[in-house]
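Take a look at the structure below.
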Amino acid sequence: CAIHCKQSARFSHGSSISNTHQPEQRSSDNVILFHLGFRLPQDKSTLVQHLSSVRFVVLCGSFQRAHHIAKRFTSLKYLNHCHTDRYLLLQPLPSVLVAAHGIGTGSIDVLLHEIYNALDAAGASNWCFIRIGTCGGLGVPPGTLVFTRRALSGDLKPSLRMFVLGEQVRFPATLDSDLTNSLVSHGKAMYGSVCVHGDTLCAETFHIAQGRTDGAFVPYTEEQKLSYFRRCRSAGVVNLEMESLALAAFSSRVNVPAAVLCVVLVDRLEHETPVKQKHELGMFEERAIRLLVSYVLSHVTHA
Ligand code: R2B
C-alpha cells in the first residue's frame with residue numbers, strides 16, 4: 001500500500017530516514033529550551049527585541065572560557081545571560097552570543113538545537129556560528145591555530161554518523177568556506193604562519209577514539225595508534241577535537257554558516273597530554289581568543 005511503500009522507501013544514503021531537514025515535520029508550538037532554562041513565549045516581542053540582531057554565536061567548551069570571551073566584548077554589568085547547570089548563554093552585545101557547549105558531539109548538539117530555536121523564533125537572519133576551542137595537533141606544534149577546512153568522522157568521512165529511529169544515518173557535514181577563509185585571512189594578518197588551514201578529526205570520545213593510552217583501558221597497540229595517525233595525516237588531518245562534526249552537520253541542515261577555530265595544546269605525534277607550562281598554554285588560548293574577538297568586532301557595530 002502507499003503508506004507502506006512510503007515508509008519503506010530508502011534514500012540514496014541507504015536509510016529510510018532523511019538526512020536533510022524536512023521543514024513540514026517540524027513543530028514550533030510550545031517549544032521549551034529545557035537545557036537553557038526557558039520556554040519560548042507566545043508573544044515573541046521580547047525575544048525579537050533581544051535576539052533579532054544577533055550576527056555571531058560564539059561557541060566554546062567551558063563556562064569559564066565563555067565568561068572570559070564575553071567579558072572581552074563588554075563589562076559584566078551589561079552582560080545578559082541565561083543558564084542552567086548544564087549550559088550557559090551570554091549576550092555581551094546585541095549582535096553577539098557566547099555559549100558554553102560542554103564536551104562532545106552529543107553535548108553540543110543539544111545546545112545547537114536550543115539556540116537555533118530561540119534565534120529562529122526571534123526572526124534573526126544573517127547570523128553564523130564560530131566554535132573556538134582547544135585541540136590536539138597531528139604534526140603541528142602547540143600554539144598552532146587550526147582553522148577547520150573539513151570536519152571528519154573517525155573513519156575520515158565528512159559526515160556525522162548517528163542512529164536515528166533505529167537506523168544508521170550519515171548527515172553531510174560542511175563548514176562554511178567563505179566564513180572560514182575570512183577568519184584565516186584575519187588570523188594570518190595577526191599571527192602569520194601560526195595559522196593553519198586543514199582538516200579536523202572529530203573523535204567520539206576523549207580517550208580511546210583519540211588513540212590515548214592513559215585511559216582506564218587501551219584496546220590497541222602503539223603501532224596501531226601511530227599507523228592510524230599516519231593515515232589521518234595523509235588524509236589531510238592536522239588536529240583532533242570532539243565537536244566540529246556535530247556543528248558542521250547541524251549548520252549544514254539548518255543552513256547557517258559555521259566555522260571552527262582551535263588552538264593546539266599538544267602534538268599528539270609526540271605526546272599524550274600537554275607538556276607546555278600552564279602559562280604558555282594560557283598564552284596560546286589567549287591568541288585564539290584575541291583573534292576571535294578582533295574578527296567579530298570588525299564585523300559588528302557596538303550599538
Ligand atoms: C577539546 O577539549 C575537550 C576535551 O578536553 C573537548 O571539548 C575538545 O574538543
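Given the -39500 (n - 2.57) contribution per DSSP H run of 4+ residues, what per-residue ellipticity at 222 nm results for the chain, rounded to the nearest 500 deg cm²/dmol? All intermediate terms of the calculation are to be shown ahead of the outcome.
Details: 8 runs with 99 residues, N = 303.
Per the formula, -10000 deg cm²/dmol.
For the range 129-247, with the dipole built from +1 on Lys and Arg beta-carbon atoms and -1 on Asp and Glu ones, taken about the Cα centre, which of 151, 139, 240 lies farthest toward the positive end?
Result: 139.
Rounded to the nearest Å, what's the spacing between the alpha carbon centres of the range 7-29 and the range 245-280? Just the number, please.
Using only Cα atoms, the two centres lie 30 Å from each other.
Below 9 angstrom from the Cβ of residue 175, what's the summed charge of the other residues (Lys, Arg +1; Asp, Glu -1)?
That works out to +1.
Provide the per residue accessible area, probe 1.4 Å, for the chain, rounded to a whole number of square angstrom.
Roughly 49 Å² per residue, with all protein chains present.
At 37 °C and a viscosity of 0.692 mPa s, what translational diffusion coefficient does Stokes-Einstein give for the range 81-202, taking Rh as the Kirkwood radius over Cα pairs? Give it in µm²/s as a whole number.
This corresponds to a translational diffusion coefficient of 197 µm²/s.
For q = 0.19 Å⁻¹, what log10 I(q)/I(0) does the range 102-158 give under the Debye formula with an equal point scatterer on each alpha carbon and no solvent?
Those come out to -0.94, one per q.
Only four residue types carry charge here, +1 at the Cβ of Lys and Arg and -1 at the Cβ of Asp and Glu. Report the dipole size of the range 228-303 about the Cα centre in Debye, rounded to the nearest 20.
With only Lys, Arg, Asp and Glu charged at Cβ, the dipole is about 220 debye.
Which trypsin sites (Lys or Arg not before Pro) in the range 198-303 sit in a loop by DSSP (not H, G, I, E or B) and have at most 16 other Cβ atoms within 10 Å of their own Cβ?
276
Zone of residue 208 (label point 7 Å along Cα→Cβ, backbone N under 13 Å): which residues in the range 216-253?
So the set is 216-221.
Summarise the accessible area of the range 10-111 (1.4 Å probe, protein heavy atoms) by the percent that is carbon and sulfur.
Working: 2910 of 5640 Å².
C and S atoms contribute 52 percent here.
How much net charge surrounds residue 97 when only the other residues with a Cβ under 15 Å from the Cβ of residue 97 are counted, with Lys and Arg +1 and Asp and Glu -1? Spell out each step's value before the answer.
Values: positive: 55, 65, 71, 72, 131; negative: 114, 120.
Its environment carries a net charge of +3.
Whole percent per 5 Å bin, from 0 to the bin with the longest distance: what is P(r) over all C-alpha pairs of the range 37-120?
3, 15, 27, 26, 19, 8, 2
Considering only Cα-Cα distances, which of the following residue pairs are longer than 28 Å: 225/276; 71/276; 71/157?
Distance filter (> 28 Å) returns 71/157.
What is the range 13-86's relative contact order, in percent, from Cα pairs under 8 angstrom and six or more apart in sequence? Each step should come with its number before you reach the end.
Values: 26 pairs, mean separation 23.3, N = 74.
The value is 31 percent.
Largest first and to the nearest Å, give the Cα extent of the chain along each principal axis.
Dimensions of the chain along the principal axes of its Cα atoms: 60, 56, 36 Å.
The values are calculated or read from the model by the stated rules, or taken from the named source; none is laboratory data. Treat the numbers as computed from the prediction; the structure is a model and nothing was measured. Positions of Cβ are backbone-derived with ideal geometry, glycine not excepted, and every protein chain shown enters the neighbour counts. Please note that ligands, DNA and RNA were not included when accessible areas were found on the heavy atoms of the full protein model with its side chains. Shrake-Rupley method; radii C 1.70, N 1.55, O 1.52, S 1.80 Å.
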